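Nothing in this text is a laboratory measurement; each read-out follows from the coordinates by a stated rule. If you're wondering where the values come from, they're calculated on a predicted model, not measured in any experiment. Using ideal geometry, Cβ is built from the backbone for each residue, glycine included, and neighbour counts are taken over all protein chains shown.
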Amino acid sequence: MLSALLLPTGLSRRYKRAELRGCNTTSEKKRVTRNMKKPVNAVIVLLFICAATIAEGGTTSRVERNSEPTETGNGGAPPYLEILRGRDGEDGRDGRDGEDGVPGPAGQVGKDGKDGRDGRDGKDGELGEKGDPGLLGPPGPPGPSSGGVVYTRWGRTTCPNTPGTELVYAGRAGGTHYTHKGGAANYLCLPESPDYLRFTSGHQGVSPVYGAEYETAGSVRGPLQSVHNHNVPCAVCCTTARVMVLMLPAKTQCPPSWTLEYNGYLMTQHYIHHRATFECVDQDPECIPGSAGNVNGALFYHTEATCTGLPCPPYDSSKE
């Protein structure tokens, strides 16, 4: 093995014997001794480690750089090689972080977790703007009856077939005799079965009530000649769907927003008889069966307009 060692003077004396023990021949020892006597001017160690082969006693050894020394023929490594070993150096600084690697493949989808608990109710939001009115719904069912109006249909025993109208009772017309000065001026719709309270037996003759007849033929002809001299029926009707009733003379139709119950002829007593009220007798009158005899009593005559005080036209004195 061939080596060259340069050391400071102080160190040469310290390791003199160690170097001599590492020499195997006399000539090598002399050469080493001479080199150690020479002064060293630089604190520089140059070490050349070369791969060499030294033949001694038929054995060889090889030392490579940064490798552990191998045994030689003298039974150990040269001492100067052990001297060159320094202390372990401090750990170097951590290197910089490397670049991110390529993303790996996606993993398997995990199992669904359990449902979480319901959260607390939130606070009420602000009141929104008022929306547009909705569509008009269908009419509701009729409510309970609470009021209404009652009227008499003269000349009939039934009530008109209008919604909300029903029959209270059917009867026959009556009133004061057409020749009597006293008594009442109105006609009555008398029920078929009268009731009595306390009474005095016998005819008192103070204010009699007579049945009523149609006077529509003979000397006073009119459009209702088929019922002449027959007694007049009547029906008392109640309508719960309306709150007012009006008998409208000289018209056959009702004003807007009013409901027609029935129409007919305007009739009352003869003008030479005692006064009575005007009533609307149905245009298709009925009569009391078996009452064709002319017994008079309260009477129903047609009425006509005159041109005295009434405009003609539109009024006409030749029409009922």
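Using the Cα coordinates of the range 257-320, the gyration tensor eigenvalues translate into equivalent-ellipsoid semi-axes of 25, 19, 11 Å, sorted from longest to shortest. Based on the reciprocal of the average 1/r between different C-alpha atoms, the Kirkwood radius for the range 180-221 equals 13.9 Å. Roughly what would the spin-label model give for K251 and L135, points 7 Å off Cα along C-beta, in nm? The answer from the label model is 3.6 nm.
Mind ranking 200-208, 133-141 by how tightly packed they are, going by the mean number of other C-beta atoms within 10 angstrom, highest first?
200-208, 133-141
When only Cα pairs below 8 angstrom with a gap of at least 6 residues are kept, the range 127-285 shows a relative contact order of 33 percent. For the listed peptides 282-294, 92-104, a ranking on the average number of other beta carbons within 10 Å per residue, highest first, reads 282-294, 92-104. If you bin all the Cα-Cα distances of the range 128-238 at 5 Å, starting from zero, the percentages per bin are 2, 9, 12, 13, 15, 13, 9, 6, 5, 3, 3, 3, 2, 2, 1, 1, 0.
Based on the alpha-carbon gyration tensor of the range 196-320 and its eigenvalue square roots a ≥ b ≥ c, which shape applies: rounded if a/c is under 1.5, prolate if not and a/b is larger than b/c, or oblate? In terms of gyration-tensor shape, oblate. Computed over the alpha-carbon pairs of the range 88-160, the distance histogram in 5 Å steps reads 3, 6, 5, 5, 6, 5, 6, 6, 7, 6, 6, 5, 4, 4, 4, 3, 3, 3, 2, 2, 2, 2, 1, 1, 1, 1, 1, 0, 0 percent, short to long. Averaged over residues, the count of other Cβ atoms within 10 Å places the peptides 261-274, 186-199 in the sequence 261-274, 186-199, highest first.
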